[in-house]
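Enquirer: Before anything else, here's the structure in question.
The values are calculated or read from the model by the stated rules, or taken from the named source; none is laboratory data. This one's a predicted model, so the numbers in the text were calculated from it and none came from an experiment. Cβ coordinates were reconstructed from backbone atoms using ideal geometry, including for glycine residues, and neighbour counts include every protein chain displayed. The area values use the complete protein model at the heavy-atom level, side chains included, leaving out ligands, DNA and RNA. Shrake-Rupley method; radii C 1.70, N 1.55, O 1.52, S 1.80 Å.
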Number of protein chains: 4
Amino acid sequence: MQPINKTHLKRFQGKYENRGRILLKCADRPGIVAAVSKFLFGHNANIIESSQYSSDPEGGTFFLRIEFECPDLAGKLSSMNTAFKPIGSDFQMEWKIVQVTDLKKTAIFVSKEPHCLLELLWAWQSGDIMADLSLVLSNHEDCREIVESLGIPFHYIPAAKEIRKEAEARQLDLLKEYGIELIILARYMQILTEEFVAANPNRIINIHHSFLPAFIGARPYERAYQRGVKLIGATSHYVTNELDEGPIIEQDIERVSHHDHVDELKRIGRSIERSVLARAVKWHLEDRILVDGNKTVVFS
Amino acid sequence: MQPINKTHLKRFQGKYENRGRILLKCADRPGIVAAVSKFLFGHNANIIESSQYSSDPEGGTFFLRIEFECPDLAGKLSSMNTAFKPIGSDFQMEWKIVQVTDLKKTAIFVSKEPHCLLELLWAWQSGDIMADLSLVLSNHEDCREIVESLGIPFHYIPAAKEIRKEAEARQLDLLKEYGIELIILARYMQILTEEFVAANPNRIINIHHSFLPAFIGARPYERAYQRGVKLIGATSHYVTNELDEGPIIEQDIERVSHHDHVDELKRIGRSIERSVLARAVKWHLEDRILVDGNKTVVFS
Amino acid sequence: MQPINKTHLKRFQGKYENRGRILLKCADRPGIVAAVSKFLFGHNANIIESSQYSSDPEGGTFFLRIEFECPDLAGKLSSMNTAFKPIGSDFQMEWKIVQVTDLKKTAIFVSKEPHCLLELLWAWQSGDIMADLSLVLSNHEDCREIVESLGIPFHYIPAAKEIRKEAEARQLDLLKEYGIELIILARYMQILTEEFVAANPNRIINIHHSFLPAFIGARPYERAYQRGVKLIGATSHYVTNELDEGPIIEQDIERVSHHDHVDELKRIGRSIERSVLARAVKWHLEDRILVDGNKTVVFS
Amino acid sequence: MQPINKTHLKRFQGKYENRGRILLKCADRPGIVAAVSKFLFGHNANIIESSQYSSDPEGGTFFLRIEFECPDLAGKLSSMNTAFKPIGSDFQMEWKIVQVTDLKKTAIFVSKEPHCLLELLWAWQSGDIMADLSLVLSNHEDCREIVESLGIPFHYIPAAKEIRKEAEARQLDLLKEYGIELIILARYMQILTEEFVAANPNRIINIHHSFLPAFIGARPYERAYQRGVKLIGATSHYVTNELDEGPIIEQDIERVSHHDHVDELKRIGRSIERSVLARAVKWHLEDRILVDGNKTVVFS
């Protein structure tokens, strides 16, 4: 494996240099799409992909994601942001307009089990996931070699219940230093403090090794085995301060049978965890996920 | 089973009396969404669901489907149609604006095997599929009892290679008499003539009992067994004059093993056929399918 | 729909007249398969299908299911049972030898929602499920017509919390009268008393409308919607006296999205419930399920 | 990534030192299981897992795979082989008795695309696949670094139509030198000569990037896109001298939509290819696949 093929990145930047995204959320009422599409047309932008959702047409929340092509996007982005402000105010929107090539600064947290980390590295390296993969943080040294071989900084920060505060202080310093926008918990087996979570709302993606809300908490495969389920699953979700209760992004399952003991469930589960986490991360990086209370709207 | 619960229909008509759909297709260029959403806003319509697709942002075909709520839709539909004409002309669109409660007149063709027919009847009866189920046509008498017990006209028209023309003449008369807009071939085992097919473009939905393009033609389960495949499938598609080559709407598969001989494949296959056909029909009835050459755009 | 095609039953009885099954369970130790296969060979029986499982090769429980062909099985069954007794004693087995054509006397319990009942009737009628479908019991009159049109006795027994005991007394009388061996709860919305359940160990199959152990108890679709899950499921299990905690037989799921509100989840769920229950019932009728504590061994 | 954790191998060898397998194939007739199980019991072996299949109980081919525990297996294996000979002769069996810890010498062929190779390396390294991974052969240098970093020999042998014979001669020399028993084509994009294939019957596993028999031959994703299929798949099969027509081992599919252009199909497809090939290889290494003409019996 070698550092991300510069060709992937170059090709991406060439292909999408004029591709922008507008994301917004506001109280639903007539005229939103008309206002936004008129705005885009006025800036000579062609809508490439558009997804919308209203939690309730009568008085719910409206969500919109549009990808557009716009000549000389880099030169116009600042003026577009200025020009959109009145619309945003008028509809009381939360909104942002971004360039697709402006990749998100991302940190991966990992402990000993490397399968989720490896999947992400592989997807990143092959151009399937476009992120600015800034650093990997771990409470173990096991994954250093593979991470550094790809030219990605690896930081070892010991962590345990007793030294949680100190560990997190060091982690937060690094996240700040690198300007991290997304934290991926790729089977990071430490609990995060409320402060850490609160400081990163909807910016921490975790992979839980069960089909939530079944088997919340520890040792889900052991409990799935005890219960005799016929399917096992994995769930990717944003981390909130209620254990395994954050907004679910993606889930998947695999069939198992009475033959499959705990070790076998773990083996099968690793494969589900890998793909579920990779899909969730891809969608987040492409701004396809909007959070609606404790749920997600996923424009996949 | 009893005739469709009037409650379902009443509830549907009440819930959606002001729900409309606009469907269109034209050469892609900037400004389409702006024009359409301005038009809807001008008619006081709120967009509930919007899906779009461009086969190629640079010079491809643009497809749009919007569902909207509009007070007093029934009273305004005609004026909306008039008012949209200039937009349609300007962009050279194929377009239509319809009321959701204006159900499609539908005919089901069936031979001896009743599983697909029964699934459709059940979905219709339980309100999962909203159609004006006008008649069932068959070249066998087997299904008469169940169809008539639901208050649906059943017409027996013998059919075979030698009498194809006469049979189709009678069928076409009935389709005309009932004003049929959609024909569902629910395991109808007769070949249709080119004339019949040409007279009903993108209005005949068939279920083929294989994962097309594997096993085009006759006896797909026998051939799947011979080949030793590990998955079998079914494919729902619009009928064109090239055998099993029409635009694919939906496909699904089920896992099989060396234990499953031809009879077992057929049994498993019936279950896939039922659900694949029912999904395709539901999408067609909800105007979710737009045909793009020999492919479909499905806004599911 | 017409009463079960006598052809199906005749063909089945003809094809399998000499087909037997041996089922057993005992402490694992060397020599079991040798003893059983020697026994079968000694009776001139050819093993057609054999499945075995040991919960733990060192001191676990051993489960065996064999299907065999044996000339003149009907004539020999009694002597085979006698001849097997010493082997059964020697290994301290729970065991039985049965004829495949000896269909299980089965009762279906249903309330108002007919989808699971209809699926079972359809599978039974088309020969996919071979059972002696003796009667349908319901606390509503809704399904009487369809059941009686197939020539199956339908018994209406009002049921509610206050009259549970009386209702169950009448139900138990009927079950006894018909010699029922299997009870299927096809969305029967009444709770059963501990006595009723205790009287029918591993003989009551229920369909729960969630992916257990998620959403145990009432209103699972509403709770799935609240939680924002991305998959919904159904679970078929044997009924025990702990709510939704009996041995799981089969589970399946379907993908949903933020677009799917509670009604849509219910619609999608009905389809999963139908197929999951039908598979569980088929396996039970074919003696493919052996109960291992609170789990099932399914030789599918 | 580091060379396979010796712990995995050690743990495996410790856990399975007395685990054996017997595999056989013969004309079906009564008494086979009785003879084999008596034999095993006579050698004090306990059957752990047993799978059998008869292509046709009346005159078909019978397949049997048994895993057993036998004290001091290593010491007894030779005498067991001798003792089984009369049984093998009596029933005219093809048979073998092996030790589970006797890992198969395996070679992987790869071209430029590394995803299947990486999956296999990862599965091997994490102990999910137990093989003696002897060497990797490639007609490109791209994968050398990752392979060698795991301590596996990497051989670069240029290959092209014009130099096929010479290339294969060098390959065959290496396969012989290493005593290779299994060849995995992990997206190896060169055609093999008839001689090469004939020299390795049922010992070459390929991954084809379509749901065979759809899209046999080159550029399947392009053709799937042209046809507008709604599912894409991958197929793992043994290589024979008829292109993409060898016995199918495993297949799987993933859902796609009109949004997915060729590049996207390839991306999704890579994920299916990886898992389908890994499953097929795992089953082969565990002797779970028996070839029945142009089909496989898979005791998974």
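Enquirer: Say a label goes 7 Å from Cα toward Cβ at residue B:155 in every copy; what distances in nm does this one have to the rest, shortest first?
Expert: Result for residue B:155, in nm, nearest copy first: 4.7, 7.2, 7.6.
Enquirer: Have a look at the DSSP beta bridges in chain D and tell me what percent are antiparallel, nearest 5.
Expert: Of all bridge pairs located within chain D, approximately 70 percent are antiparallel.
Enquirer: May I ask you to derive the FRET efficiency for residue A:17 and residue B:226 from their Cβ-Cβ distance with R0 = 56 Å, giving the value to the nearest 0.05?
Expert: Approximately 0.60, to the nearest 0.05.
Enquirer: Could you work out what % of the accessible surface of chain B is carbon and sulfur, using a 1.4 angstrom probe and leaving DNA, RNA and ligands out of the count?
Expert: The nonpolar share, carbon plus sulfur, comes to 50 percent.
Enquirer: Skipping prolines and chain starts, which residues have an amide H placed within reach, meaning under 5 Å, of the one on residue B:157, given they are 5 or more residues away or on another chain?
Expert: Answer set, sorted by chain and number: B:138, B:139, B:140.
Enquirer: Another one. Of C:194, C:222, which has the most accessible area and how do the rest follow, probe 1.4 Å?
Expert: Sorted by accessible area, descending: C:194, C:222.
Enquirer: Starting from the Cα of residue D:76, draw a straight line to each of the lysines and keep only those under 16 Å, dropping any in the same chain fewer than 8 residues away.
Expert: D:85, D:96
Enquirer: What does the charge dipole of the protein assembly as shown about its Cα centre add up to, to the nearest 20 debye, if the Cβ of each Lys and Arg holds +1 and the Cβ of each Asp and Glu holds -1?
Expert: In total the dipole reaches around 0 debye.
Enquirer: First measure r as the distance between the Cβ atoms of residue D:263 and residue A:90, then evaluate 1/(1 + (r/R0)^6) with R0 = 56 Å and state the FRET efficiency to the nearest 0.05.
Expert: 0.90
Enquirer: To one decimal in nm, how far is residue A:16 from the same spot in the other copies, if labels go 7 Å from Cα toward Cβ? Please give the shortest first.
Expert: 3.6, 4.3, 5.6
Enquirer: In nm, what is the difference between 0.36 nm times the number of residues separating residue D:255 and residue D:72 and their Cα-Cα distance?
Expert: That pair, residue D:255 and residue D:72, stretches by 60.9 nm at full extension.
Enquirer: Okay, next question. For residue B:90, go 7 angstrom from Cα along the Cα-to-Cβ vector, then report the distances to that same point in the other copies in nm, smallest first.
Expert: 1.7, 9.0, 9.1
Enquirer: Separate question: In degrees from 0 to 90, rounded to the nearest 10, what is the angle of the helix C:115-125 Cα long axis to the longest principal axis of chain C?
Expert: Between the helix axis and the principal axis of chain C, the angle is about 40 degrees.
Enquirer: A further question follows. Tell me, which residues of the range C:190-215 get at least 10 Å² less accessible area when the other protein chains come in, versus the chain alone (1.4 Å probe)?
Expert: C:211, C:213, C:214, C:215
Enquirer: Only bridges with both residues in the protein assembly as shown count here: give the DSSP antiparallel percent, nearest 5.
Expert: Among the beta bridges of the protein assembly as shown, antiparallel pairing accounts for roughly 70 percent.
Enquirer: Just the ratio, please: alpha-carbon radius of gyration of the range C:20-61 over 2.2 N^0.38 Å, N its number of residues.
Expert: The value comes to 1.24.
Enquirer: Then there's this: Before I look further, what does chain D give for accessible area per residue, probe 1.4 Å, in whole square angstrom?
Expert: Ligands and nucleic acids excluded, the figure is 40 Å² per residue.
Enquirer: Continuing with the same structure: Using a/c under 1.5 as the rounded threshold, could you call the range C:17-99 rounded, prolate or oblate? The axes a ≥ b ≥ c are square roots of the C-alpha gyration tensor eigenvalues, and prolate needs a/b larger than b/c, oblate otherwise.
Expert: Prolate.
Enquirer: First select every other residue whose beta carbon is under 13 angstrom from the beta carbon of residue D:34; then total the charges, Lys and Arg +1, Asp and Glu -1.
Expert: Counting the neighbours of residue D:34, the net charge comes to +2.
Enquirer: How far, in whole Å, is the closest Cβ of chain B from the axis that maps B onto A, and which residue does it belong to?
Expert: Spelled out, residue of B and its Cβ distance from the axis onto A: B:37, 3.
Enquirer: Quick one: how many Å² of residue A:258 are accessible to a 1.4 Å probe, rounded to 10?
Expert: 20
Enquirer: Counting only residues 5 or more places away or on other chains, whose amide H sits under 5 Å from the amide H of residue C:109 once H atoms are built in the peptide plane?
Expert: Amide H neighbours of residue C:109, under 5 Å, 5+ apart: C:137, C:184, C:185, C:186.
Enquirer: Let me ask you something else. Pull up the cross-link candidates among the aspartates and glutamates for residue A:165, meaning alpha carbon to alpha carbon under 14 Å and not fewer than 8 places away within one chain.
Expert: Of all the aspartates and glutamates, those that pass the test against residue A:165 - Cα under 14 Å, at least 8 places apart if same chain - are A:173, A:194, A:195.
Enquirer: Using only Cα atoms, tell me the angle between helix A:6-15 and the longest principal axis of chain A; keep it within 0 to 90° and round to the nearest 10.
Expert: Tilt relative to chain A: about 30 degrees.
Enquirer: Based on the Kirkwood radius over alpha-carbon pairs, what value in µm²/s does the Stokes-Einstein equation return for the translational diffusion coefficient of the protein assembly as shown at 4 °C and 1.567 mPa s?
Expert: 39
Enquirer: Tell me, what ³J(HN,Hα) does each residue in the range D:217-229 have, in order and in whole Hz, if you take phi through Karplus 6.51 cos²θ - 1.76 cosθ + 1.60 with θ = phi - 60° and put x for Gly and Pro?
Expert: Those phi angles translate into x, 7, 6, x, 5, 4, 6, 4, 5, 4, 7, x, 5 Hz.
Enquirer: Now for a separate question. What does the C-alpha gyration tensor say about the overall shape of the range B:99-224? Classify as rounded when a/c is under 1.5, otherwise prolate if a/b is larger than b/c, or oblate.
Expert: Rounded.
Enquirer: May I ask for the accessible area buried between chains B and C, both sides summed, probe 1.4 Å, to the nearest 100 Å²?
Expert: 1700
Enquirer: If you average the alpha carbon positions of the range A:79-153 and of the range D:32-60, how far apart do those two centres end up, in angstrom?
Expert: The range A:79-153 and the range D:32-60 have Cα centres spaced 55 Å from each other.
Enquirer: Would you check the accessible area of residue A:165, probe 1.4 Å, heavy atoms only, in square angstrom rounded to 10?
Expert: Approximately 130 Å² of residue A:165 is accessible to the 1.4 Å probe.
Enquirer: Pick out, from C:91, C:61, C:81, the residue whose Cα sits farthest towards the positive end of the charge dipole of the range C:17-99, with +1 on the Cβ of Lys and Arg and -1 on the Cβ of Asp and Glu.
Expert: Value computed over the given set: C:81.
Enquirer: Quick check: Cα centre of the range A:231-300 to Cα centre of the range B:220-284, how many Å?
Expert: 30
Enquirer: Determine the shape class of the range A:125-192: with a ≥ b ≥ c the square roots of the Cα gyration tensor eigenvalues, call it rounded for a/c under 1.5, and otherwise prolate if a/b is greater than b/c, oblate otherwise.
Expert: It is prolate, given that a/c is not under 1.5 and a/b is the larger ratio.
Enquirer: I'd like the accessible area for residue C:261, computed on protein heavy atoms only with a 1.4 Å probe and all protein chains in place. Round to 10 Å², please.
Expert: About 70 Å², ignoring ligands and nucleic acids.
Enquirer: For chain C, what does the relative contact order come out to in percent, with C-alpha contacts under 8 Å and a separation of six or more?
Expert: It rounds to 15 percent for chain C.
Enquirer: Here's something else I'd like to know. Taking the Cβ of residue D:59 as the center, what net charge do the other residues with Cβ under 12 Å away carry, scoring Lys and Arg +1 and Asp and Glu -1?
Expert: Net charge in that neighbourhood comes out at -2.
Enquirer: Specify the angular offset, from 0 to 90 degrees and rounded to the nearest 10, of the alpha carbon long axis of helix D:73-90 from the longest principal axis of the alpha carbons in chain D.
Expert: Computed tilt is about 80 degrees.
Enquirer: Given bins 20 angstrom wide, list per bin the percent of all Cα-Cα distances in chain C, short to long.
Expert: 30, 55, 14, 0
Enquirer: In nm, what is the difference between 0.36 nm times the number of residues separating residue A:243 and residue A:176 and their Cα-Cα distance?
Expert: That pair, residue A:243 and residue A:176, stretches by 21.6 nm at full extension.
Enquirer: Quick check for me: using +1 on Lys/Arg Cβ and -1 on Asp/Glu Cβ, what's the dipole size of chain C about its Cα centre, in debye to the nearest 20?
Expert: 420
Enquirer: On average, how many beta carbons from a partner chain sit within 10 Å of the beta carbon of a residue in D:156-166?
Expert: 0
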